[in-house]
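Written out below as structure tokens is the structure these notes cover.
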Amino acid sequence: MTERIYRVFGIPGGFLAFVILLASCATVPLPRQADTQESLKGTASVYWKLRMEDKYKDTFEMEDKEALQKLSRKGKPLYESYVDRARAIKTTDIKSYSIKDATLEDHKGRVDVEFTFTLLEIPKPVHQVVSDEWVFRNEKWLHILQ
């Protein structure tokens, strides 16, 4: 009787446990970015949200390292050079941003970002559109800091 119960429940139960074990070890890959206008807009939006929150470590990972090498100072680590430059750019009190347009050409992109910010000298909010450059490399969009 015990042998019959083992055959009925033990073998399928062991197989089910094995499948559950394999499933728990698997990782869900992040969706691949596409070389499309919508993908670029979405990536740019995430980038600027992180920048506004001063999450430089996260935005550093979204930068094109080749472009950063050209901007880095000799003798200074690349990350520190990036943070110095990113902080210098954010000298105004940015209130909001919105992605206006994105254009693609080959594996390069340009995103128009509208910022709303305040200046001490001007009582009303100021709106300015800035063009941001991006490059599609290794299946993802990378920001080119200028």
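A short reminder: the numbers here are calculations on the coordinates, not readings from a lab. Note that this is a predicted model, so its numbers are computed, not measured. Note: ideal-geometry Cβ built from the backbone for every residue, glycine included; neighbour counts use all protein chains shown.
In order along the stretch 107-119, phi translates into HN-Hα couplings of 9, 10, x, 10, 10, 8, 10, 9, 10, 10, 9, 10, 10 Hz, rounded to whole numbers, per the Karplus curve 6.51 cos²θ - 1.76 cosθ + 1.60 with θ = phi - 60° and x for Gly and Pro. Here the spin labels are modelled as points 7 Å beyond Cα on the Cα-Cβ line, and at A34 and I122 they lie 3.8 nm apart. Over the C-alpha atoms of the stretch 36-144, the Rg to Rh ratio, Rh being the Kirkwood estimate, stands at 0.98.
Among W134, S45, G75, which residue has its Cα positioned farthest towards the positive end of the charge dipole of the stretch 36-144, with +1 placed on the Cβ of Lys and Arg, -1 on the Cβ of Asp and Glu, and the dipole taken about the Cα centre? Sorting the options by dipole projection puts first G75. Charges were assigned to the Cβ only: +1 to each Lys and Arg, -1 to each Asp and Glu. The resulting dipole of the stretch 63-114 about its Cα centre is roughly 380 debye.
Compute, for the stretch 36-144, the length of the dipole vector about the Cα centre, with Cβ point charges of +1 (Lys, Arg) and -1 (Asp, Glu) only. Units Debye, rounded to 20.
Values: 20 positive and 20 negative charges, 76 e Å.
Taking the Cα centre of the stretch 36-144 as origin, the dipole is about 360 debye.
In this simple spin-label model, placing a label point 7 Å from the Cα along the Cα-to-Cβ direction at both V83 and D101 gives a separation of 3.7 nm.
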